[in-house]
Amino acid sequence: MPSTLPSDSDLGRLGLETPIARIDRALKEIWNDDEAKTRASLINLAIYTEDSAILAADNDLLAHVAAEHACRALLILALPEARPPRARAWIQALCRPYQGKQIVCSEQLSFVLEGGDAAQVQNIVFAHLDSDLPLVVWWQADLTQNFEERFYSRIDTLIIDSSRWTNPAKQFDALLAAMNAETAGFDVRDLAWTRSHFMRTALASCFQDAAALQNLARLETIRITHLKGQRTAALLLAVWINQRLKTMLQLELIEKDSGPALQSLVIEGEGVRGEVRRDCDSSFINVCTSCGQHEHKDLLPADVDSDAELVSEQLSRFHGSTLYSTMLPFVRGMLN
Amino acid sequence: MPEQENPFQETLLSRHRAEPCTVVIFGATGDLTNRKLIPAFYNIAAAGDLPPQFKVVGFARREKTDEGFRSELETGNRKNSRQGHSDELWGSFAQCIHYHRSEFEDPAGYVQLKLLLDKFDQERGAPANRLFYLASAPEAFKPILEMIRAAGLSEGVGGKWARVVCEKPFGKDLATARGLNAVVAETFEEKDTYRIDHYLGKETAQNIMVLRFANSIFEPNWNSRYIDHVQITCAENLGMEGGRGGYYDTAGALRDMVQNHLFQLLTLVAMEPPTDLSADSVRDEKVKVIRALRPLIGPEAVGKNVIRAQYTAGSVDGVSRVGYRQEDRVNPESKTEPYVALRIMIDTWRWQGVPFYIRVGKQLPKKATEISVHFKKPPQVPFATSDLLKNSENTLVIRIQPDEGIALRILCKQPGQAMNVQQVKMDFRYSSSFGKASPEAYERLLLDAMAGDATLFARRDEVEHAWKFIDEIEHAWHKSATPPPMHEYPAGSWGPKEADDLLRADGREWRLL
């Protein structure tokens, strides 16, 4: 992981640089300046990254997410290899108009932790939470070093994106170990899994067709076309299909250099075929089911695409699901 | 052969997903279809929640083609859709819309309708559920239901269900409601009958149960020991615009709003915790509240507890308004009330001695529907004289519309050397806390009807008990020798002085909205 510092222009976008000890006072000053602003917060949302190149993108993402989910936002860039150790902080209000007259704002605190180790990350996060609100952490780095028990035992929801991992097998091992730890009580949301939601919904729609449903037992193969780098999303989808059918269909993955993360899913067997296809730039998906001479087509809305929208979507689903955790050992097995 | 479950459907949704379904809307050329129903279906489609292989058939008297009907609805959708209008989505969605021309009383029209529905099933490869939506004038409900039954459409085909959704008003008194219920019951079982009240589809109305039963701090105080009284206000700043005077003058505020919408809110506030969230458990508890309303029998009891009034000329938001009797399509001699205020007692252990004050009116200063729960004052307050603490009881306000949310009024010490106490408000707003807009009430209710969840729909006994209570008041007003007077208030004011006196007599006053 690069230990380079972010550019000045990226840091400039984080708001007002503030000594860490003065953060609370500086936040109060923001609200005192303008009585027309309303502060709102439902959760603590922390993004943890060790990649300074994506700091600006994460900053934009938080602004997008906070527009839908009022939160105390924490953006933490840790550079464990950087020397000498140094911690800097910025504050800003993420505001959106409400009913044309009032401004509703969330607070964002950003930290750059040079030489940041596990203890420092924990201290920074835990010292700046909005009390009594759930802690949601999007951990963008590998699940090593700073991702340790005293930290994850306080997390309510852990967001990851397994398709970003350079070594998924190792990372799934670390995730499973953390999930099985005695003190862990967090709910996991994997954006790679969220990306397949529209495919799963569309596949369910395919097999609402009575004729196709009668022929489920004939299905033999799964073919998934995905964008390069989204293999985990495709694998999770395949594991889910096999789990639902209680079988092991033959799997073919096709990788493309461009287009949506998941582009098509074809599931077929003798005389029965279901196809879900999302074309480039389309916000809809085509669904086609055929069974003998009988054919049914449909157009369904595609799910959101960007990381910001995926995170926002996850935050809208308050309840977690045990489904993902039951699939992990199978996905891990396919990565050997 | 037992019906096979779709294994992919499971695990995807936190709510029941509706199976393939055809919806038939009777009176489909009316305003409701154009303004509410089709935009609701479209938005359900935009959210990806529409059942697969969905069809909607408009059934009405006017001559139209499928294309003509779709085109009219497209215009309406562009104007009324909550999430905007996408040509691409509409192009696909519109293919599921069809039009069927027939008189409501023509048996042949229903035979043709059956053939059309069977044809859809054939195209799907299997029978689908059928939902009949009565959006016509209430007088047409009876012939429509009889024809549905005669055509054999009231029975589901191939193990699928057939249901009916009835729009309000569900009767105009107890006798007509019972008559209508009897007609419905001859055609559909109660479990397949969905009486819609769009107030129950509103996010904040649904939130009342969550607020009460998921937060341990409220329920222990939710009784006559801690609550002084409850106010429910539904204020409108409009009169009889758009020709609505014709219908309204035959109904009035009591029948148009109190019997259905406001009683629904009242029951949600006053009900006991249901044993579970099944439709009948929730509705059982709501019915118990309605049955426990202390009846107001005779003109004297009604005069003491119910204030009716008509507005006279005045101004709202600086715009001049005519009086009620001068409104378009209103009888100049009208005895209909566009305003009513009631003091209602609920004879249960929990609510003994706690009055529920309800007021609803037209041409009031602003549009707002709110419930306020006024807690009792502490037995002894050492901080200030009683004058300073006038109207300073803790109040929990549930805003139903607009600006949905919850506020709690508490007392705090003012900064400074003296021990001065001041009211402050803790305020939760749906829109500022949750950036996403709530779905329209009809979206939620239509999905529930298709998925078989009747929790947010009124049950037969609920409707009839509500009418029984309302009828006594109507009788005192219109059939007694000494009817309580019709009062007046200038348009733009908060109602007649007598409504203020109703609370003043109890040492209370209406909350300022």
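Just one of (1) more than 14 Å from chain A (Cβ to nearest Cβ); (2) under 32 Å from the mean Cα position of the chain (by Cα); (3) of a type in the set (A, V, I, L, M) trips up B:VAL157, so point out which.
Unmet condition: (1).
Give me the residue from the stretch B:125-151 that is buried (at least 20 other Cβ atoms within 10 Å of the Cβ) and assigned to a helix (DSSP H, G or I) and, out of that set, farthest from the chain's Cα centre (by Cα).
Going through the qualifying residues, I end up with B:MET147.
Do we find a residue being among the aromatic types (Phe, Trp, Tyr), surrounded by 15 or more Cβ atoms within 10 Å (Cβ to Cβ) and over 30 Å from B:ALA126 (Cα atoms) anywhere in the stretch A:189-204?
Of all residues in the stretch A:189-204, those among the aromatic types (Phe, Trp, Tyr) come to A:193, A:198.
Still in the running and surrounded by 15 or more Cβ atoms within 10 Å (Cβ to Cβ): A:193, A:198.
Cutting the leftovers down to over 30 Å from B:ALA126 (Cα atoms) gives us A:193.
Checking the stretch A:189-204: at least one residue is among the aromatic types (Phe, Trp, Tyr), surrounded by 15 or more Cβ atoms within 10 Å (Cβ to Cβ) and over 30 Å from B:ALA126 (Cα atoms).
Just name the residue that is nearest to the chain's Cα centre (by Cα) out of those in the stretch B:256-283 that are among the β-branched types (Val, Ile, Thr) and outside any loop (DSSP other than H, G, I, E, B).
To start, the set of residues in the stretch B:256-283 that are among the β-branched types (Val, Ile, Thr) comprises B:258, B:267, B:269, B:275, B:282.
Going one step further and asking which of them are outside any loop (DSSP other than H, G, I, E, B), we end up with B:258, B:267, B:269, B:282.
Values: B:VAL258: 10, B:THR267: 12, B:VAL269: 15, B:VAL282: 16 Å.
In this case the residue turns out to be B:VAL258.
For the stretch A:74-101, what are the residues that are crowded, with 16+ Cβ neighbours inside 10 Å and touching a Ser or Thr at 6+ places or on another chain (Cβ under 6 Å)? Talk me through it step by step, then tell me what you get.
Initially, the stretch A:74-101 is screened for residues crowded, with 16+ Cβ neighbours inside 10 Å, giving A:74-80, A:82, A:87-96, A:98.
Across the stretch A:74-101, the qualifying residues are A:LEU75, A:LEU77, A:LEU79, A:ALA82, A:ALA89, A:TRP90, A:ILE91, A:LEU94, A:TYR98.
Is it true that some residue in the stretch A:160-176 is crowded, with 23+ Cβ neighbours inside 10 Å, in contact (Cβ under 8 Å) with a residue 12 or more places away in the chain and farther than 15 Å from A:LEU328 by Cβ?
no
Name the residue that is farthest from the chain's Cα centre (by Cα), counting only residues in the stretch A:282-336 that are of a type in the set (Asp, Glu) and more than 9 Å from every other protein chain (Cβ to nearest Cβ).
Of the stretch A:282-336, the ones of a type in the set (Asp, Glu) are A:295, A:298, A:303, A:305, A:307, A:309, A:313.
Restricting the remaining residues to those that are more than 9 Å from every other protein chain (Cβ to nearest Cβ) gives A:295, A:305, A:307, A:309, A:313.
Values: A:GLU295: 36, A:ASP305: 11, A:ASP307: 6, A:GLU309: 9, A:GLU313: 9 Å.
That would be A:GLU295.
Out of contact with any helix residue (DSSP H, G or I) (no Cβ under 9 Å at 6 or more places or on another chain), in contact (Cβ under 8 Å) with a residue 60 or more places away in the chain, buried (at least 16 other Cβ atoms within 10 Å of the Cβ) and hydrophobic (A, V, I, L, M, F, W, C): does that describe B:ALA279? Steps first, answer last, please.
Details: out of contact with any helix residue (DSSP H, G or I) (no Cβ under 9 Å at 6 or more places or on another chain): no; in contact (Cβ under 8 Å) with a residue 60 or more places away in the chain: yes; buried (at least 16 other Cβ atoms within 10 Å of the Cβ): yes; hydrophobic (A, V, I, L, M, F, W, C): yes.
In short, no.
Taking the criterion of being within 14 Å of chain B (Cβ to nearest Cβ), touching a Pro at 6+ places or on another chain (Cβ under 9 Å) and farther than 18 Å from A:ARG332 by Cα, would at least one residue in the stretch A:186-198 satisfy it?
yes
With touching a Ser or Thr at 6+ places or on another chain (Cβ under 8 Å), within 14 Å of chain B (Cβ to nearest Cβ) and surrounded by 14 or more Cβ atoms within 10 Å (Cβ to Cβ) as the only criterion, which of A:LEU216, A:LEU236, A:LEU251 stands out?
Values: A:LEU216 fails: touching a Ser or Thr at 6+ places or on another chain (Cβ under 8 Å); A:LEU251 fails: within 14 Å of chain B (Cβ to nearest Cβ).
The match here is A:LEU236.
Starting from the stretch B:356-377, take each residue that is surrounded by fewer than 20 Cβ atoms within 10 Å (Cβ to Cβ) and list its partners that are outside any strand (DSSP E or B) and aliphatic (A, V, I, L, M), counting only C-beta distances under 9 angstrom and pairs at least six apart or across chains.
B:PRO365/B:LEU513; B:LYS366/B:LEU513; B:LYS367/B:LEU238; B:ALA368/B:LEU513; B:LYS377/B:LEU389
Show the residue pairs meeting these rules: Cβ distance below 7 Å; 6+ apart or different chains; first residue within the stretch B:123-150 and within 14 Å of chain A (Cβ to nearest Cβ); second residue β-branched (Val, Ile, Thr) and crowded, with 18+ Cβ neighbours inside 10 Å.
B:PRO127/B:VAL157; B:ALA128/B:THR22
If the requirement is being within 21 Å of A:THR225 (Cβ to Cβ), more than 11 Å from every other protein chain (Cβ to nearest Cβ), free of Cβ contacts under 8 Å to residues at least 60 places away in the same chain and crowded, with 17+ Cβ neighbours inside 10 Å, which of these qualifies: A:SER264, A:SER258?
Details: A:SER258 fails: crowded, with 17+ Cβ neighbours inside 10 Å.
Matching residue, one of A:SER264, A:SER258: A:SER264.
Of the conditions (1) more than 26 Å from the chain's Cα centre (by Cα); (2) over 18 Å from B:LEU502 (Cβ atoms), B:GLU300 fails just one. Which one is it?
Failed condition: (2).
Is one or more of the residues making up the stretch B:139-149 farther than 20 Å from B:VAL463 by Cβ, basic (Lys, Arg), at pLDDT 90 or above and touching a Gly at 6+ places or on another chain (Cβ under 9 Å)?
No: the stretch B:139-149 contains no residue that is farther than 20 Å from B:VAL463 by Cβ, basic (Lys, Arg), at pLDDT 90 or above and touching a Gly at 6+ places or on another chain (Cβ under 9 Å).
The values are calculated or read from the model by the stated rules, or taken from the named source; none is laboratory data. All values reported here derive from a predicted model rather than from experimental measurement. As a convention, Cβ positions derive from the backbone with ideal geometry for all residues, glycine included, and neighbour counts pool all protein chains shown.
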